[in-house]
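Let me begin by presenting the structure, written as structure tokens, before commenting on it.
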Amino acid sequence: MRHGLDADQFILAYQPKVDMRRGRVVGAEALVRWQHPQRGVLQPAAFIPLIEDHALVEHLDVWAVGEALRQAASWAAHRTPLPVSVNISPRTLLQPGFAGRLAAALQPHAQLGTPLLELEILESTAIDDLTQMAGVVGQCEALGVATALDDFGTGHASLTWLRELPVAALKLDRSFVRGLLHNDADRAIVQGILFMAQRLGRLVIAEGVESVAHGEALLSLGCTLGQGFAIARPMSPGEIPAWTTGFEGAPPWGRTEDITKPES
Ligand code: C2E
Ligand code: MG
Ligand code: MG
């Protein structure tokens, strides 16, 4: 992988995140793929688990932040201002000086005047020092980089993280979204997470919106932000601007309110 990084074999695909109620695109998640010279295009499941507990994941994350930022700045300069969310492991966030380097990376794009970057914190590894982590998350938020807890409800110590970390949002894990239409337990868990997030002043974005019916069920429970195959598959960066225009012209859930109204 180190060789692959040096040889520029990694690319990012982008999956739109939308406001289903307003029919607006609110961002895009950057998802890494490895264009392996012998094995073809590899999905993250084939290599991320191997490096989760290794310094290489920091190397990959830092590359992804730089690449995503470059892409978001390019979209913004071409009239598609969309923040890009990058998946980041706790190890990377806890690197000494992380927030300072992030500030330096953002600085050249400050004149664009639009948020370019968000971070999705992976819960795949336990962290010892939540206080230190809370400090870094607060620094990111202060830089205008919104943070989210990824795969919320399935990883390590979710509720403690939620209590301690000043994250702006939770990503509702797709395992709960999947069962929403038929499974009372999943429905109860989703309702509970939505209620808790609302009381804590955090946003919720649903992962794994695999059908229009899932989107409708989420909307009926008050979850307006979503991402999933029913909305769009991950795509190449060049496809995002036209897809955004097409989606906002004809959102799958119809427009339940006039989008020219100011956001409440
Ligand atoms: P994640 O952050 O939860 O990303 C969402 C994953 O769900 C993506 O898989 C996406 O393609 C998939 N997905 C999206 N919509 C649907 C849907 O409707 N149904 C289903 N079944 N799946 C859907 P992908 O690209 O294979 O990424 C898997 C995981 O790899 C990510 O999960 C994230 O944890 C990790 N990852 C991806 N890119 C990076 C990266 O740059 N750095 C690090 N450290 N981890 C990454
Ligand atoms: Mg993610
Ligand atoms: Mg996720």
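Of everything listed in (1) within 30 Å of ALA77 (Cβ to Cβ); (2) touching a Gly at 6+ places or on another chain (Cβ under 8 Å); (3) not basic (Lys, Arg), the single unmet condition for PRO166 is (1). Being closer than 21 Å to GLY208 by Cβ, within 14 Å of ligand 2 (Cβ to nearest atom), within 19 Å of the chain's Cα centre (by Cα) and of a type in the set (A, V, I, L, M, F, W, C) narrows it down to one of VAL32, VAL26, so name that one. Exactly one of VAL32, VAL26 is closer than 21 Å to GLY208 by Cβ, within 14 Å of ligand 2 (Cβ to nearest atom), within 19 Å of the chain's Cα centre (by Cα) and of a type in the set (A, V, I, L, M, F, W, C), namely VAL32. Residue check: ARG70 meets all listed conditions (1) part of a helix (DSSP H, G or I); (2) open to solvent by less than 20 Å² (accessible area, probe 1.4 Å) but one, namely (2). Considering segment 95-104, and only residues there that are under 24 Å from LEU203 (Cβ atoms) and open to solvent by 10 Å² or more (accessible area, probe 1.4 Å), the residue that is farthest from ligand 2 (Cβ to nearest atom) turns out to be ALA103. If you check ASP173 against the conditions, is it crowded, with 18+ Cβ neighbours inside 10 Å and without any contact (Cβ under 8 Å) to a residue 60 or more places away in the chain? Considered against the rule, which asks whether it is crowded, with 18+ Cβ neighbours inside 10 Å and without any contact (Cβ under 8 Å) to a residue 60 or more places away in the chain, ASP173 comes out as yes.
Within segment 72-105, the set of residues being among the charged types (D, E, K, R) and modelled with pLDDT of 95 or more comprises ARG101 only. Taken over segment 147-158, the criterion of being over 16 Å from the mean Cα position of the chain (by Cα) and either among the acidic types (Asp, Glu) or within 16 Å of VAL137 (Cα to Cα) (or both) is satisfied by SER158 alone.
Among the residues of segment 21-46, those that are more than 13 Å from ligand 1 (Cβ to nearest atom) and not in a strand (DSSP E or B) comprise ARG21, ARG22, GLY23, PRO37, GLN38, ARG39. Restrict the check to segment 172-183 and report whether at least one residue is at positive phi and within 16 Å of ligand 1 (Cβ to nearest atom). Scanning segment 172-183, I find no residue that is at positive phi and within 16 Å of ligand 1 (Cβ to nearest atom), so the answer is no.
Every condition in (1) assigned to a loop (DSSP other than H, G, I, E, B); (2) open to solvent by less than 20 Å² (accessible area, probe 1.4 Å) holds for PRO81 except the one numbered (2). Residues that are touching a residue at least 60 places away in the same chain (Cβ under 8 Å) and over 15 Å from VAL32 (Cα atoms) are absent from segment 96-117.
Restricted to segment 205-232, and to residues there that are in a strand (DSSP E or B) and open to solvent by less than 20 Å² (accessible area, probe 1.4 Å), the residue that is nearest to GLU164 (Cα to Cα) is ILE205. Scoring ARG199 on the criteria (1) under 15 Å from the mean Cα position of the chain (by Cα); (2) open to solvent by 40 Å² or more (accessible area, probe 1.4 Å) leaves a single failure, condition (1). Within segment 125-143, is even one residue open to solvent by 40 Å² or more (accessible area, probe 1.4 Å) and either at positive phi or within 16 Å of ligand 3 (Cβ to nearest atom) (or both)? Checked segment 125-143: no residue is open to solvent by 40 Å² or more (accessible area, probe 1.4 Å) and either at positive phi or within 16 Å of ligand 3 (Cβ to nearest atom) (or both). Among the residues of segment 143-162, just one is under 18 Å from VAL190 (Cα atoms), among the aliphatic types (A, V, I, L, M) and part of a loop (DSSP other than H, G, I, E, B), namely ALA157.
The values are calculated or read from the model by the stated rules, or taken from the named source; none is laboratory data. Every value quoted in this text rests on a predicted model; they were computed, and no experiment measured them. Glycine also receives a Cβ, built like all others from the backbone with ideal geometry; neighbour counts cover every protein chain displayed. Accessible surface is based on the protein model in full, side chains and every heavy atom, while ligands, DNA and RNA are left aside. Shrake-Rupley method; radii C 1.70, N 1.55, O 1.52, S 1.80 Å.
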